[in-house]
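Structure record follows, encoded as structure tokens.
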Amino acid sequence: MTVGCIIPAAGRGERMGRGQPKALRTLAGASLLEHAVRAMAASRQVVHIVVAAPPDQVASTGSLMGSLRIDARVDVVAGGETRTDSVRLGMAAMPETCTTILVHDAARPLVPIDVVDRVAAAVEDGAPAVVPVVPISDTVKQVDEAGQVVRTVDRSELRAAQTPQGFSADVLRNALAGEDLDATDDAGLVERAGYPVLVVPGDQEAMKVTRPLDLLVAEAIVRRRSGRVH
Ligand code: CTP
Ligand code: MG
């Protein structure tokens, strides 16, 4: 079983505010993308990584990746208008020899190796699609356009989906072949294509950096890991 990884990194980072595309923002001295690539390459199973970069930053991202000194091979392609487009473009550049594909957001720079290995192992054990999830801590309300609560959703049945999400390569290719599809995650596409999707435990440290406050939390995690704060 050969594992390849697609890292969509072509988003603009609008919720983060002005500045560089989010994947190229700095966290503790390196870009979110560099952290994410290192985190995925830390899993010895990942042999090939395809990064979908902002279209005007393919060359600079390529040199950045060249300086990483990791064992996995890293290719950089131009990403697309939507996250799904970026994943599709990444998949087009993935060698056919990779039979298990992990798709991981550049915006989740600190995913622990255990999560990566757990997802890859579940695909290797035969699951067509695997999603790491964590429980939701807030109470969730469904609301209408007038600002009224319609109902309180039963939280015990809900989970927040993280990445990397893992797929058998054929299943992901089929799901991505659909027309006009967009989804905030890849398992959503695979679900719609009719495949069962298995969940495995995620980890709070696989948090997504979306808004400025998330960057502060990520910095705190890096400091704790480097032993400066306990
Ligand atoms: N992504 C991508 N191509 C796009 C849009 C998003 O590769 N056209 C990537 C982002 O770079 C990120 C991941 O998908 O690594 C998750 O998306 P998100 O957190 O929404 O990032 P952005 O789209 O950059 O942020 P925002 O939605 O706030 O603009
Ligand atoms: Mg987005």
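The values are calculated or read from the model by the stated rules, or taken from the named source; none is laboratory data. From a predicted model like this one, the values you see are computed outputs, not experimental measurements. A quick note on method: Cβ atoms are made from the backbone with ideal geometry, for glycine too, and the neighbour counts reach across all protein chains shown. Heads up: the accessible areas ignore ligands, DNA and RNA and are worked out on the full protein's heavy atoms, side chains in. Shrake-Rupley method; radii C 1.70, N 1.55, O 1.52, S 1.80 Å.
Which pairs have Cβ atoms under 6 Å, sit 6 or more apart or on different chains, and link a residue in the range 124-136 that is of a type in the set (D, E, K, R) to one that is open to solvent by 20 Å² or more (accessible area, probe 1.4 Å)?
That search, which allows pairs on different chains as well, returns 124/1.
Give the residue that is surrounded by the most Cβ atoms within 10 Å (Cβ to Cβ), with candidates limited to residues of the range 121-155 that are within 22 Å of the chain's Cα centre (by Cα) and part of a loop (DSSP other than H, G, I, E, B). Even if it seems obvious, please write down each step before you answer.
Taking the range 121-155 and keeping what is within 22 Å of the chain's Cα centre (by Cα), we get 121-137.
Then drop every residue that is not part of a loop (DSSP other than H, G, I, E, B), which leaves 125-128, 136-137.
Details: 125: 9, 126: 8, 127: 21, 128: 19, 136: 14, 137: 8.
Only one residue tops the list, namely 127.
Across the range 58-96, what is the total count of residues that are at negative phi, free of Cβ contacts under 8 Å to residues at least 40 places away in the same chain and more than 11 Å from ligand 1 (Cβ to nearest atom)?
Result for the range 58-96: 17.
Quick one: count up the residues across the range 54-69 that are hydrophobic (A, V, I, L, M, F, W, C), in contact with a helix residue (DSSP H, G or I) (Cβ under 9 Å, 6 or more places away or on another chain) and under 23 Å from residue 172 (Cβ atoms).
Within the range 54-69, the first condition is being hydrophobic (A, V, I, L, M, F, W, C), and the residues that meet it are 58-59, 64-65, 68.
From the residues that got through so far, the ones that are in contact with a helix residue (DSSP H, G or I) (Cβ under 9 Å, 6 or more places away or on another chain) too are 64-65, 68.
Subsequent filtering for residues that are under 23 Å from residue 172 (Cβ atoms) retains 65.
Number satisfying all stated conditions: 1.
Given (1) within 16 Å of ligand 2 (Cβ to nearest atom); (2) under 26 Å from residue 20 (Cβ atoms), identify the lone condition not met by residue 189.
Every condition holds for residue 189 apart from (2).
What do you reckon, is residue 30 more than 10 Å from ligand 1 (Cβ to nearest atom) and open to solvent by less than 30 Å² (accessible area, probe 1.4 Å)?
Values: more than 10 Å from ligand 1 (Cβ to nearest atom): yes; open to solvent by less than 30 Å² (accessible area, probe 1.4 Å): yes.
So residue 30 fits the description; yes.
Consider only pairs whose beta carbons are under 7 Å apart and that are at least six residues apart or on different chains; among these, list those whose first residue lies in the range 5-22 and is within 11 Å of residue 87 (Cα to Cα) and more than 6 Å from ligand 1 (Cβ to nearest atom) and whose second residue is small (Gly, Ala, Ser) and in a helix (DSSP H, G or I).
Correct list of pairs: 6/90; 7/36.
Against the condition within 17 Å of residue 184 (Cβ to Cβ), buried (at least 17 other Cβ atoms within 10 Å of the Cβ) and over 13 Å from the mean Cα position of the chain (by Cα), how does residue 80 come out, does it pass?
On the way: within 17 Å of residue 184 (Cβ to Cβ): yes; buried (at least 17 other Cβ atoms within 10 Å of the Cβ): yes; over 13 Å from the mean Cα position of the chain (by Cα): yes.
It is true that residue 80 is within 17 Å of residue 184 (Cβ to Cβ), buried (at least 17 other Cβ atoms within 10 Å of the Cβ) and over 13 Å from the mean Cα position of the chain (by Cα).
From the list 171, 153, 143, pick out the single residue that is free of Cβ contacts under 8 Å to residues at least 12 places away in the same chain and aliphatic (A, V, I, L, M).
Working: 171 fails: free of Cβ contacts under 8 Å to residues at least 12 places away in the same chain; 153 fails: free of Cβ contacts under 8 Å to residues at least 12 places away in the same chain.
Going through 171, 153, 143 in turn, the sole match is 143.
Within the range 145-157, identify whether any single residue is under 25 Å from residue 13 (Cβ atoms) and modelled with pLDDT of 95 or more, and answer yes or no. Explain how you work it out, then say what you get.
We begin by selecting, within the range 145-157, every residue under 25 Å from residue 13 (Cβ atoms); these are none.
No, every residue in the range 145-157 fails to be under 25 Å from residue 13 (Cβ atoms) and modelled with pLDDT of 95 or more.
Give me a count of the residues in the range 89-120 that are surrounded by fewer than 23 Cβ atoms within 10 Å (Cβ to Cβ) and of a type in the set (D, E, K, R).
Counting residues in the range 89-120 that are surrounded by fewer than 23 Cβ atoms within 10 Å (Cβ to Cβ) and of a type in the set (D, E, K, R) gives 4.
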